[in-house]
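For reference, the structure is listed below as structure tokens.
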Amino acid sequence: MVRSVRIGNAQAFWGDRSIAAAEMLAREPELDFLTLDYLAEVSMSILATQRQRDPQAGFAKDFVDVVRSLVPYWAAGGKCRVIANAGGLNPSGCARACREVIENAGCRSLRIGIVSGDDVLENLRAAGRHSSADSFVNLDNRDSLGTVADRLVTANAYLGAAPIAHALTQQADVVITGRVADPSMVVAACVHHFGWNDDDLDCLAGATVAGHLIECGTQVTGGISTDWMEVPDPTHLGFPIVEVYEDGHCIVTKTANTGGRVTPWTVKEQLVYEIGDPENYLSPDVTVSFRELNVEQIGPDQVRVRGAIGKPPPSQYKVSATFRDGFRAAGMLTIVGRGARAKTQRAGEIVLNRLRDADVPIRNSLIECLGSGACVEAFTGKSPVIDATSFDEVVLRVAVEVDTQQDAERFARELIPLVTAGAQGTTGYAEGRPRIRPVIRYWPCLISRDSVQPIVESLLTKPTQSTPDTKSIWPQADAMTTTASRPPEHGTFNASGIPEHAAFDISDAAHLYDIAIARSGDKGTGANIGVIARNDAAWKFLQDWLTAERIAEFFCQRDIESVERFELANLQALNFVIRGILRQGLRTDAQGKTLGQIVLEMPLPNSASVSDVSNDGDDHHGEVDS
């Protein structure tokens, strides 16, 4: 039997803690693989802008700093191999930059694998020119590519694990990719380690689940969890590690002697994060069913996940494309005093009215009175749950979309005059006029696998240590944080993983928060909300009561097209896909990150019990059009 493989993640997004990789390897030097995730839809458009200014750019330069921090580890003999999608639009340029810092810092020779071929921008542009754009229709709204073909900025297919595994077979110590599916970095490490074939579907499914669990870094170790206030030592929140076994099941844990926690609750919240249909979670490597997953706490900060079922992968790659769509600007002022909310609303209207007086064509606009329940009201209307009348401090945020940079600059000039012309108590203007930003829209579509040819290359760094026998000292002092000198704040291990406050009589519950936890995120212009019962009684109640219709009624705003409910009885969870709820891209919460917390404020019927409700849908799936 092949031994298990241990894979960590030290980067959830471009902007995450760049020192996390060195910190992890300081505590886990025997780790087999380390993955780092840098790319999102907006990241690619930022990289495209950078590459326009400098043809040598187009990759996440932060990763070069991460590599520099790991050189002492490799120079000291460390064997952990790194897989990162930091290559963006220029994986070769990223590899060359990494080679330079490795050689300059003094290190043994390392091989850097380069995976490219994901860039399909010319395919989409050609389709637009030759009236074949219908083959790349928008997956969200079914619009034809022809409407945006001349404004495309990027288009990248989500590659799978195969080219990464090939680079590892070529003995790459570091693999740098462009666009790949996030879980595929973990799948590739497993394929290389265990020698799985394409038809080992359940194994690939298990590794995909493992990759999904750690791709967002500390989200599975307590970050943004519903019970975040109970997470120990969040200052030193540990990044996650999965130990994957030959049959594909895994144990989720975290870096030793760090803050945070790994429990069934943190794992389940991440399992339902942005998954869509849990029966058909799509990746380039395999289609995964989450319906038989079993989540079990087996030790402190150790949770075993098994039962993934694999089916053949889709016949097409998903493409993430972006296009230019005008300009935007947003500005903020703080207004303090009696009637702050009314004053804030009026001040925002002044700015927009002055633009209309100047005949500026405003395509979209939004006034948010942050601090008075604006984020909640944006999705639920005048919510009966939250009383905003007592708020005495309100932040004005005004945002517009226009067609030209000149019009956006006119808006920026109209906001700051409110410092002297607006309501008494206006402040918070030290940052000056709002910045002007281009509007970049997301265009998801599909492309035939035959049209995409992954490319695997490599380069070798020169050995530059002073003598072949010289080894660096590892770990270095700056790679260790203060947590290492004391035990983590865990408390008593509870094998059930159920927090104390979850053991209650459901009849005492007033809000959904009392009986459930939740996590939400975006799926294009729609959102995904996973709701997980805190105990068996809560699950029995939620199965019957929390219907797609009730969710649609709660989020009573006209942008919603439909609400689809998926049931995961194995996790005692419900997953809701709400289409259209994120079409207003000017909102502070344009990614739907607040929706999970908002839905937990739903009031429950008095003395809630199973007898109070009836089953409005089938056992596994329900949908309502709004």
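The values are calculated or read from the model by the stated rules, or taken from the named source; none is laboratory data. Bear in mind that the values here come from a model prediction, so they are computed numbers and not experimental data. All Cβ positions, glycine included, derive from the backbone under ideal geometry; neighbour counts span all protein chains shown. SASA here: full protein model, heavy atoms, side chains in, ligands and nucleic acids out. Shrake-Rupley method; radii C 1.70, N 1.55, O 1.52, S 1.80 Å.
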Grab the beta carbon distance between Asp544 and Glu103, set R0 = 56 Å, and tell me the FRET efficiency rounded to 0.05. 0.30
Full extension between Asp450 and Asp134 adds, at 0.36 nm per residue less the Cα distance, a length in nm of 112.0 nm
For an R0 of 60 angstrom, estimate the FRET efficiency from the Cβ-Cβ distance between Ala358 and Leu459 and round to the nearest 0.05. 0.60
For the chain, with the dipole built from +1 on Lys and Arg beta-carbon atoms and -1 on Asp and Glu ones, taken about the Cα centre, which of Pro361, Val267, Pro163 lies farthest toward the positive end? Pro361
At Glu553 and Ile19, where each label point lies 7 Å from the Cα along Cα→Cβ, what is the point-to-point distance in nanometres? 5.2
The FRET efficiency for Glu296 and Ser507, from their Cβ-Cβ distance with R0 = 25 Å and rounded to 0.05, is 0.30
Of Pro232, Val187, Ala412, which is farthest along the charge dipole of the chain in the positive direction, counting Lys and Arg as +1 and Asp and Glu as -1 at C-beta? Ala412
In whole angstrom, the spacing between the Cα centers of region 97-175 and region 247-299 equals 27
Where does region 137-223 land on the Kirkwood hydrodynamic radius, alpha-carbon pairs, in angstrom? 15.1
Please report the carbon-and-sulfur percent of the accessible area for region 98-235; probe 1.4 Å, protein heavy atoms only, DNA, RNA and ligands left out. 46
Please compute the volume of the convex hull spanned by the alpha-carbon atoms of region 305-378 and report it per residue in Å³. 205
Positive-end residue, the chain charge dipole about Cα centroid, Cβ charges, pick of Cys203, Gln453, His621: Gln453
Residue-normalised 222 nm signal for the chain, counting each DSSP H run of n ≥ 4 as -39,500 (n - 2.57), nearest 500 deg cm²/dmol, is -7500 deg cm²/dmol
Along each principal axis, Cα extent of region 273-352, largest first, Å: 57, 41, 19
Hey, can you find the accessible area per residue of region 196-346 for me, probe 1.4 Å, expressed in square angstrom? 35
Treating only the Cβ of Lys, Arg, Asp and Glu as charged (+1, +1, -1, -1), what charge dipole size does region 56-195 show about its Cα centre? Round to the nearest 20 debye. 420
Net dipole in debye of region 47-114 [+1 Lys, Arg Cβ; -1 Asp, Glu Cβ; about Cα centre; nearest 20]: 200
Amide H proximity to Lys254 below 5 Å, modelled H, separation 5+ or other chain, gives Ile241
For Arg81, list long-range residues whose amide hydrogen, built 1.01 Å from N in the peptide plane, is under 5 Å from its own amide hydrogen. Phe33, Leu34
If you consider only alpha-carbon coordinates, what radius of gyration and Dmax does region 52-135 have, in Å? 17.1, 57
Residues with amide H under 5 Å from that of Val153, placed H, sequence gap 5 or more: Thr322, Phe323, Arg324
To the nearest 20 Debye, how big is the dipole of the chain about its Cα centre, given +1 on the beta carbon of each Lys and Arg and -1 on that of each Asp and Glu? 2220
Cα-based Lys proximity count in the chain, under 18 Å, for pairs eight or more positions apart or on separate chains: 8
